[in-house]
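What follows is a set of notes on a single structure, which appears directly below.
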Amino acid sequence: GSDDLIAGNVSKHTVLPAGYCGQPKKGHLVFDACFESGNLGRVDHITEFEYDLFIRPDTCNPRFRVWFNFTVENVKESQ
């Protein structure tokens with residue numbers, strides 16, 4: 001399954017639209033879960049206002065995903 005692809009936490013990952021080239025702009029979100037209890041494993045860009053977030057399984061029981069803990073930066077006002 002897709003969980004095989006989620007090995008570690010997202011670390012200051014800037015999510016850009018498909019086909020975008022160049023420096024990130026305001027509104028290109030930056031996700032980070034590289035801290036104690038962070039558990040965001042992957043982020044997929046859908047639209048400017050929609051993202052699919054994949055949470056890593058809990059450490060002590062991989063069948064569960066009980067919490068989510070990550071930060072988001074570079075958000076523009078209308079987002």
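The values are calculated or read from the model by the stated rules, or taken from the named source; none is laboratory data. What you are looking at is a predicted structure, and each value in this text was computed from that prediction instead of being measured. Cβ coordinates were reconstructed from backbone atoms using ideal geometry, including for glycine residues, and neighbour counts include every protein chain displayed. Ligands, DNA and RNA are excluded from the accessible area calculation, which covers all protein heavy atoms including side chains. Shrake-Rupley method; radii C 1.70, N 1.55, O 1.52, S 1.80 Å.
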Residues of segment 25-41 satisfying the condition of being in contact (Cβ under 8 Å) with a residue 40 or more places away in the chain and either open to solvent by less than 60 Å² (accessible area, probe 1.4 Å) or in contact with a Ser or Thr (Cβ under 8 Å, 6 or more places away or on another chain) (or both): Gly27, His28, Leu29, Val30, Phe31, Asp32
Matching residues in segment 42-74 - criterion: being open to solvent by 80 Å² or more (accessible area, probe 1.4 Å), out of contact with any Pro (no Cβ under 9 Å at 6 or more places or on another chain) and without any contact (Cβ under 8 Å) to a residue 12 or more places away in the chain: Glu50, Thr59, Cys60, Pro62, Val66
Qualifying residue in segment 17-24 (condition: free of Cβ contacts under 8 Å to residues at least 40 places away in the same chain, surrounded by 10 or more Cβ atoms within 10 Å (Cβ to Cβ) and either touching a strand residue (DSSP E or B) at 6+ places or on another chain (Cβ under 7 Å) or not small (Gly, Ala, Ser) (or both)): yes
